[in-house]
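The values are calculated or read from the model by the stated rules, or taken from the named source; none is laboratory data. This is a predicted model, so every value here is computed, not measured. Cβ: placed from backbone, ideal geometry, glycine included. Neighbour counts: every protein chain shown. Note: areas computed on protein heavy atoms with side chains; ligands, DNA, RNA excluded. Shrake-Rupley method; radii C 1.70, N 1.55, O 1.52, S 1.80 Å.
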Number of protein chains: 4
Amino acid sequence: MAFFEYDNKKFFYQVDGQGEPLVFLNGIMMSTRSWDSFVPTLSEHNMFIRLDFLDQGQSSEGDKFYTQEYQCEVLRQLVLHLKLEKINIMGVSYGGEVAIIFAIKYPELVNRLMLFNTTAKTSNWLQDIGRGWNEIGATLNGEAYYNITIPVIYSPSFYVQNYDWMMNRKKMLVELFSNQVFQHKMKRLVDSSEQLDEIDNLNKIKAETLIVSSELDMLTPPVEQRLLASKISKSHYLFVPSYGHAFMYENPTLFTALVLGFVNRKDGKISI
Amino acid sequence: MAFFEYDNKKFFYQVDGQGEPLVFLNGIMMSTRSWDSFVPTLSEHNMFIRLDFLDQGQSSEGDKFYTQEYQCEVLRQLVLHLKLEKINIMGVSYGGEVAIIFAIKYPELVNRLMLFNTTAKTSNWLQDIGRGWNEIGATLNGEAYYNITIPVIYSPSFYVQNYDWMMNRKKMLVELFSNQVFQHKMKRLVDSSEQLDEIDNLNKIKAETLIVSSELDMLTPPVEQRLLASKISKSHYLFVPSYGHAFMYENPTLFTALVLGFVNRKDGKISI
Amino acid sequence: MAFFEYDNKKFFYQVDGQGEPLVFLNGIMMSTRSWDSFVPTLSEHNMFIRLDFLDQGQSSEGDKFYTQEYQCEVLRQLVLHLKLEKINIMGVSYGGEVAIIFAIKYPELVNRLMLFNTTAKTSNWLQDIGRGWNEIGATLNGEAYYNITIPVIYSPSFYVQNYDWMMNRKKMLVELFSNQVFQHKMKRLVDSSEQLDEIDNLNKIKAETLIVSSELDMLTPPVEQRLLASKISKSHYLFVPSYGHAFMYENPTLFTALVLGFVNRKDGKISI
Amino acid sequence: MAFFEYDNKKFFYQVDGQGEPLVFLNGIMMSTRSWDSFVPTLSEHNMFIRLDFLDQGQSSEGDKFYTQEYQCEVLRQLVLHLKLEKINIMGVSYGGEVAIIFAIKYPELVNRLMLFNTTAKTSNWLQDIGRGWNEIGATLNGEAYYNITIPVIYSPSFYVQNYDWMMNRKKMLVELFSNQVFQHKMKRLVDSSEQLDEIDNLNKIKAETLIVSSELDMLTPPVEQRLLASKISKSHYLFVPSYGHAFMYENPTLFTALVLGFVNRKDGKISI
C-alpha cells in the first residue's frame, strides 16, 4: 500500500506480485478495494497494479471541476512513479474511458489494452442518465440511489439469482449512498466524464487491444464496443452473452481468464 | 370517444375504423393519446380500439392497491361493452403484461396476440428498478424523474439523433412528472405489476402470437421475450436490431407494418 | 397463366388477385410453382405476380452466358407487358439480387422493396461455393448435389424436425438434379450471378425497403443484409432468430405477415 | 516426435514445452502439423501435446468402420503412455466431439475443457452434409471437393481478404483432395462421427469448461454451442462475432489468448 503525490494531492495505489505490469482502472463507483479478492489470481504471474483515481477510494478528493484528462495524468504520474517503461491496461466502464484517453495520448507507454464494457463518447443519452444519478444523489436518499444505480449494472438473471447477497450488500451501499462526502465525489466523477468524445482519435491507438461486450450491458451497450472495435486498428472483439455491465463481478473466472490470456500471451504472429 | 363503467369507475376508450378488431394496450406511462398519430394507419382496415387502463389517461384513478389482474378485467369489460366475439391484442411493456394475463384467462376471446418488449414476470431486478422510480416520483422532482425514466426507454442512437425533439418533450414531461396526482397514479401502476409471474401459465396461451424484441431494450431485454417464445406454443419471434424499449415510437413504420401484417394476414396454413 | 415474349424468348408469369401489385422474384432453384400454396394468402388483397426468370420453370432456356442484368430486363419487360406504373418487389436470394439491380436501374418503377436473405455482391467466397455446385452438377450425381445444396438452405432444426418431409422431397429432387437440362440451366443461373457487385450503387435505391436476415442463413449470412441496411437510405432491418436461408418455407406465416404488412401499410409518416 | 501403439496401430503425437498439460484435438481435416506455427506460443508455459487421431496425419489408417469412441480410447492411451494424471483439453469441431466423449467417460482425467465450434450431436442435417462430402470425395475431383468443403469453413470476410493465400493453399489442397488414400481416410473419419449423440450425457461433464462460438460458423452454428453451455454445469460461454468455423486460423492471437488464459488461470473462486 502506498501513495504518490501529484498536483498537491495524494493518490493511492497498490502493487501485488511481479512480472509484466498489469494496471487495473476502476469503474466509477469502484476503488482498489473492489479488486481485493482478485489479487491472488491476477498477481500470480504479473505485477498487478491498482489505482484509486481522484475522488475514488483512498485518493484525495477533488476540489473543483475536472475532466477524465486529469485522471489520465494521474495514471501517467503513477507510471513515472513506478518507473515503468510500458504498461498493460485493463479498464472497465469509467476506467476504460480513461484507458482510451491514455492510449491515445501516450501510445508509447501502452503495451496491451483491454477495454471492458466501456465507450469512447458520453452521448447525450448517457449524459442525461448521469445527470439523473447526480440529482438523486443530491437528495442523499440512499435507498433511491441504490435502486437507480445498482440493478442496472447487473444482468437481471445474476441479480435475481444472487438476490440475498445483493440485499446484504444493499445495506452497506444505502449507508454509503446517503453520505454527503461520497455523493460529492460521485458528482465530480460523473461530471468529469460528461465531455468525453474520443471517437475521432481512436485510430491513434496503436496497442493490441481486446474489446469485450456483455450482452446485457444497459449503460454502455454492445453497440458502443462494436464502434470501438471498428475504429481501433489492432483490436480483437469478444461478446459475452447473458452478462451485464459488471461482468467482472458476475463471472470473475471468465473475466480473469480473458485478461490473463490476453496480457500474458507471448508475442509473435502465428502464420497459417 | 366514449366511456364505459365498471366497478364504480369510468374507463375511457376510443374506436376508429371498421374491420377485424385490433386492441392496443398501453405501456405504463402511455395513454390512448399516445397513439393519436397512429390512427390513420391502424384504422384503415381495422376496428382500431384504444383503452386507458385504471390510472391512465382519461380513465378513473385507482383508490387502493390493485394488480394487473384488475386491468385484465377492465379489458374484459370493454370486450363485453363492445359486444365483440374475439379480439386481436397488441400489448407493449405493461400492456403486454396485461395482454399475457388476458390471453391466459380468456383464451376464447383472443384471436391473435402481439407482444412487444414485454415480460411474463416482474423479477426482483425489475421490481427494484420500479421501486427506484416510485421513490424519486415521491419527491416530485420532475427533472430527476425524467432523467431516470425516459432515456432508458429509448435506444441511445435514437435519443441522440432526436435530441432536440426529446428536449422539447422534456419540458412537458418534467411538468407532468412534478405533479402529485400523476405520481400517485404512476406509483399505483408500478405497484400493480410488482407481483406479476405468469411464466408457468404461458402454455395456456392458445392464440397465434407474435413476439418482438428490440436489441437495446434496457427494461425488458430480449432474454425476456426469448423466454416467452420458448413457452408460448404458437409463437413467432422477431428481433429488431438497433431499437430500444419504445420501438413503436422509434420506428412507427416498421412497428405498424408488423402489427398490420400479423393481424390481417388471412388464416390458412401454407403447406410446402 | 401466361407468357410474354422478349429477346426471342418466352417468359412465364402468373397473376392472381387484384390490388397493389406485389411481384415475387424467385431464389435460384425456385420457380413460380414454388409459391403455389402461398397464393390464397398473398392474392387476397393484392395483385400477386410471379415470374420465372430465364432458365427457371416454364420460361425459355438461355442459349449463352448472361448476367443478372438480363433478368432485370426480363422484369422490366413484364412491367411493360402488364402496363404497371409501379410495383412492389419481394426478392429472396437470387431474386433479391435482381431486385437490387432493378431498384437501382429503375427507381421510378419501384414503390416498396423487400429483400430477404440476399446480398449486393457475389464475393469470392460465394463464387467458389457456386463453382462447387456447378462442378458437382456436371457429374449428374443427383444424390451428391442434393446433399451439397439442400441442407445448407435450411436451419438445422427445421431440417431435422421435418426430416421425413425432406426425405420425400429428396426423391423428387435427386431425379431433377440428375437431369442434364436442369443442370445446364442451373449452371447458367449460377454463372449469371458471379459478377454481381452493386455495393457502391445501393445509395441509388430510393424505395422504402424492408431487409430481413435469418440467423442461420449459411449462404448469405446476416452480415450481408446488415451491409444492405447500412447503405440503403430508407431501409428497415429485421433479424429472425432460428431460421435459415429458406425462411419463407420454414415459417410461411411469419414471412407472409411481414410481406403483407410492409406492402399494404398505408403511407404516411407517423409523427410522435 | 514420437509414436505409441494401440490396437496394433501406431499413433503419432508430439510434446513441446513443460508445465500444465494442454492437449489439442484436431478438426477432421487437420493433423498435428496444422498447429506447427502455434507451438512457440502454446508451449511457452505448458506441456503442449498434439495428437493425430486414427486416419489423421502420421497415425495409422483405419481398416474398418469405427466411431469417435475409438478416438476417445486413442486419447486415453496417450494419457496412459505419457503417464499423465490429468489433462486439459482443447477440442475444435471433430476434436471437440471426441473431447466431449472423453470428458463424459473419463471425468477423472480432465482438468479443464475447451470446446471451440463443436457439437454434441451429429444431426440429420450434419449427417447429410457429411454424406455429400463423401460422395464428392469418392469422385476424386479435388477441385469440387475444395469448393464444397473449404469456403464453408471460413467466414466470408476472412476468405475474401485472404483470397491470394487461399488460392495458394488451394493448389496443395486440390492435389490432396484428389488422392484416393486421403479420401478413404476422410470417409472413415466422417463416418465415425455420424452416430454422435451425447446430449443426454452432457450433465456428466464435471470439468470447468470454456465453450466458444463463432458467429459465422456454418457447420456447427452457435445454436449448437448454446446447447452445450445450457447442459454442461460448470461452463463459460463466449461468442466471437465476425469469425467462422476455423476461428483458430482466422484469429490465432485471440484463439491462443483464450486458451492460455483459461488453462493457466490459477484455480480459486473469487468471492465478491
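Within region C:105-129, the residues that become at least 40 Å² less accessible when every protein chain is included than when their own chain is isolated (1.4 Å probe; DNA, RNA and ligands ignored) are C:124, C:125, C:128. So, counting K/R as plus one and D/E as minus one, what does the shell of residues with Cβ under 12 Å around residue B:60 add up to? Local net charge: -2.
Ligands, DNA and RNA are left out, and with a 1.4 angstrom probe the accessible area of the protein assembly as shown is 36 Å² per residue. Of the three principal axes defined by the Cα atoms of region D:158-272, the extents in descending order read 55, 35, 24 Å. Other residues lying with their Cβ under 14 Å from the Cβ of residue B:234 contribute a combined charge of +4, Lys and Arg counting +1, Asp and Glu -1. Size check on region B:1-149: the Cα extents along the three principal axes, sorted descending, read 45, 31, 30 Å. Among the chymotrypsin sites (Phe, Trp or Tyr not before Pro) in region A:46-142, those placed in a DSSP loop whose Cβ has at most 14 other Cβ atoms within 10 Å are A:65.
For residue C:87, nonlocal amide neighbours, meaning residues 5 or more places apart or on other chains whose placed amide H falls under 5 Å from its own, are C:110, C:111.
Axis of helix A:252-264 versus longest Cα principal axis of chain A: the two differ by about 30°, to the nearest ten degrees.
Can you tell me the relative contact order of region D:58-139? Whole percent, Cα pairs under 8 Å, sequence separation 6 or more. Intermediate results must be reported in sequence, preceding the final value.
On the way: 70 pairs, mean separation 21.5, N = 82.
Across region D:58-139, relative contact order equals 26 percent.
Each principal axis of region B:126-219 carries a Cα extent, and these read 44, 32, 20 Å when sorted largest first. Amide H to amide H, with H built 1.01 Å from N, residue C:208 comes under 5 Å of C:113, counting only residues 5 or more places away or on other chains. Across region B:112-121, coupling constants 3J(HN,Hα) worked out from phi with the 6.51/-1.76/1.60 Karplus curve, θ = phi - 60°, read 10, 10, 10, 10, 10, 6, 9, 8, 9, 8 Hz, and Gly and Pro carry x.
Across peptide C:215-224, the average count of Cβ atoms from other chains found within 10 Å of a residue's Cβ is 4.
Over all other residues within a Cβ to Cβ distance under 13 Å of residue B:201, the charged ones net out to 0, with Lys and Arg as +1 and Asp and Glu as -1. What the phi angles of region C:84-96 give under the Karplus curve with 6.51, -1.76 and 1.60, with θ = phi - 60°, is a coupling list of 8, 7, 9, 10, 9, 10, 10, x, 10, 6, 3, x, x Hz, glycine and proline written as x. Amide H contacts under 5 Å for residue B:67: none, restricted to partners 5 or more places along the chain or on a different chain, H placed in the peptide plane at 1.01 Å from N.
Just so you know, the Cα atoms of chain C work out to an Rg and Dmax of 17.7, 60 Å.
Kindly provide the Kirkwood hydrodynamic radius of the protein assembly as shown in Å, to one decimal, from all pairs of distinct alpha carbon atoms. List each step's numbers first, then the result.
On the way: mean 1/r = 0.0319 Å⁻¹.
Kirkwood hydrodynamic radius for the protein assembly as shown: 31.3 Å.
Legend: distances between Cα atoms for C:121/D:170; A:269/D:83; D:64/D:204; B:204/B:266; A:187/B:171; pairs beyond 26 Å are A:269/D:83; D:64/D:204.
The fraction of accessible area contributed by carbon and sulfur in the protein assembly as shown is 49 percent, rounded to a whole number (1.4 Å probe; ligands and nucleic acids excluded).
Distance to the B-onto-C rotation axis is smallest for one chain B Cβ; residue and value in angstrom are B:261, 1. One Cα centroid belongs to region C:101-159, the other to region C:162-225; the line between them spans 2 Å. Relative to the dominant Cα principal axis of chain A, helix A:222-231 is inclined by about 30°. If a spin label sat at a point 7 angstrom from the Cα of residue C:84 along the line to its beta carbon, the backbone N atoms of region C:4-22 nearer than 15 Å would be those of C:4, C:12-22. Legend: mean number of C-beta atoms from other chains within 10 angstrom of residue C-beta atoms, peptide D:157-164, equals 3.
Please state the charge dipole magnitude for region C:208-272, taken about the Cα centre, from unit charges on C-beta atoms (+1 on K and R, -1 on D and E), reported in debye and rounded to the nearest 20.
Values: 6 positive and 6 negative charges, 74 e Å.
Using only the charged Cβ atoms, the result is roughly 360 debye.
Per-residue mean of other chain beta-carbon atoms within 10 angstrom of the beta-carbon, peptide D:165-172? Before the final figure, lay out each step's value.
On the way: counts 2, 3, 2, 0, 1, 1, 0, 0.
Whole-number average of other-chain Cβ neighbours for D:165-172 is 1.
Between the residues B:125, B:100, B:259, the greatest Cα displacement towards the positive end of the dipole of chain B, with unit charges on the Cβ of Lys, Arg, Asp and Glu, is found for B:259.
For region C:233-247, a drop of 20 Å² or more in accessible area on going from the chain alone to the assembled protein chains (1.4 Å probe) is found at C:236, C:237, C:238, C:239, C:241. Counting only Cβ charges, +1 for Lys and Arg and -1 for Asp and Glu, the dipole size of the protein assembly as shown around its Cα centre is about 0 debye.
Sort out for me the Cα centre separation of region A:13-42 from region D:12-45, rounded to whole Å. Value for the Cα centre distance between the two parts: 33 Å. Taken one residue at a time, the phi angles of region C:200-212 give Karplus couplings (6.51, -1.76, 1.60, θ = phi - 60°) of 6, 9, 4, 5, 7, 6, 9, 5, 5, 10, 9, 10, 10 Hz. Gly and Pro are set to x. Which of D:81, D:116, D:213 sits closest to the plus end of the dipole of region D:70-228, meaning its Cα is farthest towards the positive end, when Lys and Arg get +1 and Asp and Glu get -1 on the C-beta? Selected residue: D:81.
If each DSSP helix of 4+ residues adds -39,500 (n - 2.57) and the sum is divided by the residues in chain A, what number results at 222 nm, nearest 500 deg cm²/dmol?
Numbers: 11 runs with 114 residues, N = 272.
About -12500 deg cm²/dmol.
Paramagnetic label reach from residue C:194 (point 7 Å along Cα→Cβ; backbone nitrogen cut-off under 16 Å): within region D:135-169, residues D:143-144, D:147-148. Report the GluC sites (Glu not before Pro) located in region A:80-152 that are in a DSSP loop and have at most 10 other Cβ atoms inside 10 Å of their Cβ, or state none. Here the GluC sites (Glu not before Pro) that fit, given the DSSP loop and packing criteria, are A:85.
Label points for residue D:67 are taken 7 Å from Cα along Cα→Cβ. From this copy to the others they lie 5.0, 5.3, 6.6 nm apart, shortest first. When A and B come together, around 2500 square angstrom of accessible surface is lost from both chains combined, probe 1.4 Å.
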